2 protein chains.
Amino acid sequence: MTNDTMQRIVLARRPQGAPVPEDFRLETLPIPQPGPGEVLVGVSHLSLDPYMRGRMDAGKSYAAAVELGQTMEGGAVGQVLASQAPDLAEGDWVFGPLGWASHAVLPGHALRRLDPGQAPVTTALGVLGMPGFTGWYGLTELGRPRTGETLVVAAATGPVGSMVGQLAKLRGLRVVGIAGGARKCRLAVEEFGFDACIDHKDAGGRARDARSIGAELEEACPDGIDIYFENVGGAVLQAVLGLMNPQGRIPLCGTIAWYDLGGMGRDGGTGPDMLPRAWRTILVNRLKVSGFIISDHWNRLPDFLAEVAPLVGSGQVRYREDIAKGLENAPAAFIAMLKGGNLGKQIVQIA
Amino acid sequence: MTNDTMQRIVLARRPQGAPVPEDFRLETLPIPQPGPGEVLVGVSHLSLDPYMRGRMDAGKSYAAAVELGQTMEGGAVGQVLASQAPDLAEGDWVFGPLGWASHAVLPGHALRRLDPGQAPVTTALGVLGMPGFTGWYGLTELGRPRTGETLVVAAATGPVGSMVGQLAKLRGLRVVGIAGGARKCRLAVEEFGFDACIDHKDAGGRARDARSIGAELEEACPDGIDIYFENVGGAVLQAVLGLMNPQGRIPLCGTIAWYDLGGMGRDGGTGPDMLPRAWRTILVNRLKVSGFIISDHWNRLPDFLAEVAPLVGSGQVRYREDIAKGLENAPAAFIAMLKGGNLGKQIVQIA
């Protein structure tokens, strides 16, 4: 990469099941120049998030798929290198959909200016960014937590799960996490203050089945489960369903365990059909399952920041970042994250 | 049955799959006498409802199972034969949980007095009773219908489905029903005013698969589906899921297609697992699935009656009853109803 070239990662082909390195390609190309109203940003840190797996499939989803040969989508922070937008100046820190790239040109209105004096800029990718906002919105608006209730959330040390768990603790709930591996479970309890955290892997690192997770969950939730913040699906969902209390709520923002199943046309293989059991549980326990996509709710971002930024500042809400180095390592970090290899919010440092 | 004996139907054994006549037993026993605060009712008409199938299983549900050897539960109307309750007199018409029996003794407070001059007493079992109330509550409170939207409901000619469809039409929605057989589909359109009704059986009377139902549904719902009032599950649910619009609502009050699967421990066999697809659809389309049990909401019954009784009186909401004769024929009528053999609200005339 010379002074007038940039790098980017493009989608080389659509994954068959779990993504592999060959699904991505690193490209070098000239740095584009901003037109009227646009800015050139030098990317500092890229966010890696599970939703990106969905963008790699051609199937219909809530957002368009990334086209083959196009830059992988992603939120990132960086500094303005050149501006033709009225409200942004060289040197400003910004957050926006900069993509998996070292540089990006975007309209000024697509970027949000950050104040690096208020919080480290990387927090705009995690605890004070989309993942934290997702946790806050889903818990507050759809989970409707009440003191004394019990909440369960998986991916407990991730940026969504750790936000959900900490906010629920602050509201007086019993909070039980689920995470992969003893180290993450310790982190959930010791760093994020969860009451308990259940390992969804056995001592040999293999996935435990729903029955085994359910037995431990039942012990950790003696009063049942009132809120299940759903971001994984799979065996955890199956384990949770049998323990939901009447009038329980399930905010649903992800099903990472099933992402490799692909689009609507495919199913989960040839196992038993779990839908009748799930549907019956929703009925019998009068549950509310609410799918949500955080991009529908950006108008609430100021409310989120007003409430949570001070809590982060005071240390009442803590966060953990896992920073990989170098754009060329983004695919490997992404692949590892989908398998739970990260510890905290996965970020790639670019510059 | 002499003047001082009564008849009842008891649960003889728990069904294996679909109920059969041997699961029930007709018994003759002495007529009990009311104690202080109680009344003796001579049952006139018994309601048969799909929820009763759930009561026959031992599994945990939202209400206790009927014990073996005990009278089958059921709502019914009848006349007071003897009263030791202050507010009820001999000859009064009442509705209450009288069970599958010719006579019943109940505390006066468990009964609701009916005015036979206002509406035929059998309407307290259907259009102005629990099924109609279920349709009204689920549509109004959970479906949140808006003019111009599209609603789909199965069992379209049943007392729940016909209420949902007619109320939705009155609110300016496009209403598409699903029913079994050409006769029911005609009834839905011609009698209940549905815009269309899709037959879930083929010309030979066999169940159609989700793909086939879905293709026809797609034609009947050119703008997609905003509300799916769920009372059946099965292939209809699968067909509907692919057509739900963003921000759609699914009030869920029954899964009759799956009732014979039994309690929580059993699943739908060895087909593909539909739960990942359903969960993904809920997420991607930001659906709200709300399980509800109408008995949680009896406090809203006066609101329902105030709104709907005049509509029934004026003929804007129509109803259809299917009346079998004789308590001894209740099991056969119930078994037939679970297979869709009834046309309209299934009632058994006792006296």
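The values are calculated or read from the model by the stated rules, or taken from the named source; none is laboratory data. All values derive from a computational prediction rather than experimental measurement. For neighbour counting, all protein chains shown are included, and Cβ atoms are generated from backbone atoms with ideal geometry for every residue, glycine included. Ligands, DNA and RNA are excluded from the accessible area calculation, which covers all protein heavy atoms including side chains. Shrake-Rupley method; radii C 1.70, N 1.55, O 1.52, S 1.80 Å.
A few comments on the model shown:
- Which numbered condition B:Asp209 fails, given (1) within 27 Å of B:Ile282 (Cβ to Cβ); (2) without any contact (Cβ under 8 Å) to a residue 40 or more places away in the chain; (3) crowded, with 20+ Cβ neighbours inside 10 Å: (3)
- Residues located in region B:277-303, provided they are within 7 Å of chain A (Cβ to nearest Cβ) and either under 16 Å from A:Asn285 (Cβ atoms) or charged (D, E, K, R) (or both): B:Arg277, B:Arg280, B:Arg286, B:Lys288, B:Val289, B:Ser290, B:Gly291, B:Phe292, B:Ile293, B:Asp296
- Residue, surrounded by the fewest Cβ atoms within 10 Å (Cβ to Cβ), within region A:236-256, restricted to residues that are more than 8 Å from chain B (Cβ to nearest Cβ) and under 19 Å from the mean Cα position of the chain (by Cα): A:Ile256
- Filtering region A:1-45 to residues that are charged (D, E, K, R) and in contact with a helix residue (DSSP H, G or I) (Cβ under 6 Å, 6 or more places away or on another chain) leaves only A:Arg13.
- Positions within region B:186-199 being touching a Lys or Arg at 6+ places or on another chain (Cβ under 9 Å) and either open to solvent by 60 Å² or more (accessible area, probe 1.4 Å) or at positive phi (or both), in sequence order: B:Gly193, B:Asp195
- Pick from region A:64-93, criterion of a type in the set (Val, Ile, Thr) and under 20 Å from the mean Cα position of the chain (by Cα), ranking: surrounded by the fewest Cβ atoms within 10 Å (Cβ to Cβ): A:Thr71
- Any hit, region B:304-312, residues being small (Gly, Ala, Ser), under 28 Å from A:Ile293 (Cα atoms) and at pLDDT 90 or above: no
- Counted residues, region A:73-128 - those being polar (S, T, N, Q) and either under 25 Å from A:Met56 (Cβ atoms) or modelled with pLDDT under 95 (or both): 3
- Subset of region A:78-129 (residues that are part of a loop (DSSP other than H, G, I, E, B), touching a residue at least 24 places away in the same chain (Cβ under 8 Å) and over 27 Å from A:Asp4 (Cβ atoms)): A:Gln118, A:Ala119, A:Gly126, A:Val127, A:Leu128, A:Gly129
- Test result for B:Pro30, closer than 15 Å to B:Ser102 by Cβ, surrounded by fewer than 19 Cβ atoms within 10 Å (Cβ to Cβ) and touching a residue at least 24 places away in the same chain (Cβ under 8 Å): yes
- Residues in region A:288-309 that are in contact (Cβ under 8 Å) with a residue 24 or more places away in the chain and either open to solvent by 20 Å² or more (accessible area, probe 1.4 Å) or in contact with a helix residue (DSSP H, G or I) (Cβ under 7 Å, 6 or more places away or on another chain) (or both): 15 in all.
- Residue tally, condition in contact (Cβ under 8 Å) with a residue 60 or more places away in the chain and either assigned to a helix (DSSP H, G or I) or out of contact with any helix residue (DSSP H, G or I) (no Cβ under 6 Å at 6 or more places or on another chain) (or both), over region B:46-77: 15
- Filter result for the condition that a residue is within 23 Å of the chain's Cα centre (by Cα) and open to solvent by less than 20 Å² (accessible area, probe 1.4 Å), over B:Val20, B:Val10: B:Val10
- Selection within region B:206-227 - more than 12 Å from every other protein chain (Cβ to nearest Cβ) and touching a Gly at 6+ places or on another chain (Cβ under 7 Å): B:Ile225, B:Asp226, B:Ile227
- Checked against (1) buried (at least 21 other Cβ atoms within 10 Å of the Cβ); (2) more than 20 Å from A:Met274 (Cβ to Cβ); (3) at pLDDT below 95, B:Ile347 passes all but a single condition, namely (3).
- Taken together, the residues in region B:329-341 that are touching a residue at least 60 places away in the same chain (Cβ under 8 Å) and surrounded by 14 or more Cβ atoms within 10 Å (Cβ to Cβ) amount to 9.
- When region A:281-307 is filtered for residues that are among the β-branched types (Val, Ile, Thr) and closer than 18 Å to A:Gly132 by Cα, the ones remaining, listed by number, are A:Ile293, A:Ile294.
- For region A:324-338, the count of residues that are modelled with pLDDT under 95, farther than 25 Å from A:Gln247 by Cα and out of contact with any strand residue (DSSP E or B) (no Cβ under 7 Å at 6 or more places or on another chain) is nonzero.
- Among (1) open to solvent by 10 Å² or more (accessible area, probe 1.4 Å); (2) touching a Ser or Thr at 6+ places or on another chain (Cβ under 8 Å); (3) in a loop (DSSP other than H, G, I, E, B) - the single one A:Ala156 does not satisfy: (1)
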